[in-house]
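The values are calculated or read from the model by the stated rules, or taken from the named source; none is laboratory data. In this text the structure is predicted, and so the values were computed from the model without any measurement. Quick reminder, even Gly has a Cβ in these numbers, built from the backbone with ideal geometry, and neighbours come from all protein chains shown. Accessible surface areas use protein heavy atoms only, side chains included; no ligands, DNA or RNA. Shrake-Rupley method; radii C 1.70, N 1.55, O 1.52, S 1.80 Å.
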Amino acid sequence: MDSKLLSGKIVAQSVYRNIKKQIKNLNEKNITPGLAVILVGKRSDSELYVRIKQKKCKELFINSFLYKFENNVEEEEIIKQIELLNNDQNVHGILIQLPLPNHLDEYNILNKVAIEKDVDGFHSLNFGNLAINSNPLYVPCTPEGCLEMLNYYNIDLEGKHVVLVGCSKVVGLPAALMSLHKEATVSICHIKTQNIKNITRMADILIVACGVPHLVKNDWVKDGVIIIDVGINRMDDLTKKRGYRLVGDVDFDDVYDKVKYITPVPGGVGPMTVAMLMKHCIQYIVENIEEQCVQNLNGGNYIESI
Ligand code: GUN
């Protein structure tokens, strides 16, 4: 690596090369992977993320099925849909786009997804198995993408001090658990953390996922730090045709002289999240191909039980 940039785009491409080969194998057995997405309400960020995921599915010949619900939908209606998808042999992954509106019980809804279709890894059983390092079927895509990127660039976590800024279920908390299982020393900072800079300045690897544009500045980090910036925020920029640009939670220009490596925004963690999701969409079929494929009466193959 001759630059300081850790490119998620490049790492994602290498993931896709592998996925494409596996999908070709599945197609030869008359299997087309399928991802179902449940989207509640009209948040523009969620709609955008869902469009990106669907576009990638299309590119990879993964079927994608979108179920949209009004913001005021009853919880029972979503659960009914999840149960149908759990039993649908054409659906191999179910993703509930988060966040859900406040009146819905996120925990209850996520736990209705069949664990072998829980491609986000948010079911309590998968998340609990991640916590105790006991073979979860899936782990959350974004932190998995962060660690996959570090691995690709031969950055070892063992014995390193990994500091998280943000403790969400989607990124910070699972990233902390995964880092711990790689034998890192882990500190988790959040909105109530006092003297946060004293902690972030100790980081060998700083993973920032708090949703605050340009929060992390030069004096938050030590020389030689490796920064993974998970944030994707809009910042007004009248020099751009669309009136804004995307920035991370880290002030990239401000910290650049101090970092050993840093992920850019866009082009860093974002592409890795999608790549991990696509990998998850085929993982269970690939790992269980023998049991999944049974000869049907017409001589074709079909997926029997997932
Ligand atoms: N909202 C923001 N990130 C994610 C994600 O990785 N998965 C889901 N389901 N919702 C999200």
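Annotations for the structure displayed:
- If the segment from Ala131 to Ala114 were pulled out straight at 0.36 nm per residue, it would be longer than the present Cα-Cα gap by 4.2 nm.
- Volume of the convex hull of segment 141-269 (Cα atoms only), normalised per residue: 106 Å³.
- Between 0 and 90°, nearest 10: helix 8-28 axis offset from the chain longest Cα axis: 10
- For segment 220-234, putting each phi into the Karplus relation 6.51 cos²θ - 1.76 cosθ + 1.60 with θ = phi - 60° gives couplings of 8, 10, 9, 4, x, 5, 10, 10, 10, 9, 8, x, 9, 10, 8 Hz, in residue order, rounded to whole numbers and with x for Gly and Pro.
- By average C-beta atoms within 10 angstrom, highest first, the peptides 224-232, 93-101, 59-67: 224-232, 93-101, 59-67
- Extension gain (nm, one decimal) between Arg43 and Asn18, 0.36 nm per residue minus Cα-Cα: 5.7 nm
- Computed over neighbours whose Cβ is under 13 Å from that of Asn63, the net charge equals +1, Lys and Arg +1, Asp and Glu -1.
- For q = 0.11, 0.19, 0.23 Å⁻¹, Debye-computed log10 I/I(0) when each Cα of segment 33-117 counts as one equal scatterer: -0.27, -0.83, -1.17
- Listed peptides 259-266, 188-195 by packing density, highest first (mean Cβ within 10 Å): 259-266, 188-195
- Annotation: lysines with alpha-carbon distance below 17 angstrom to Lys197 (same-chain offsets under eight excluded): Lys217, Lys222, Lys258.
- Taken over segment 61-203, the ratio of Cα radius of gyration to 2.2 N^0.38 Å equals 1.20.
- For the chain, the mean residue ellipticity at 222 nm estimated from helices alone is -11500 deg cm²/dmol, where every DSSP H run of n ≥ 4 contributes -39500 (n - 2.57) and the total is divided by all residues, rounded to the nearest 500.
- Residue among Ile52, Ile19, Ile78 with the largest mean-square fluctuation in a Gaussian network model of the chain, springs linking Cα atoms under 10 Å: Ile52
- For the chain, fraction of C-alpha pairs farther apart than 32 Å, in %: 29
- At 1.306 mPa s and 10 °C, Stokes diffusion of segment 1-47 via Kirkwood alpha-carbon radius, µm² per second: 112
- Within the shell defined by Cβ-Cβ distances under 15 Å, the residues around His190 carry a net charge of +2, with Lys and Arg each +1 and Asp and Glu each -1.
- Between Glu59 and Leu180, the FRET efficiency from the beta-carbon distance, with R0 = 22 Å, is close to 0.05.
- With all protein chains modelled, accessible area of Arg201 [1.4 Å, Å²]: 100
- As an equivalent ellipsoid, segment 96-160 spans semi-axes of 27, 14, 10 angstrom, where each value is the square root of five times an eigenvalue of the C-alpha gyration tensor, largest first.
- Between segment 76-102 and segment 1-48, the Cα center-to-center distance that results, in Å: 19
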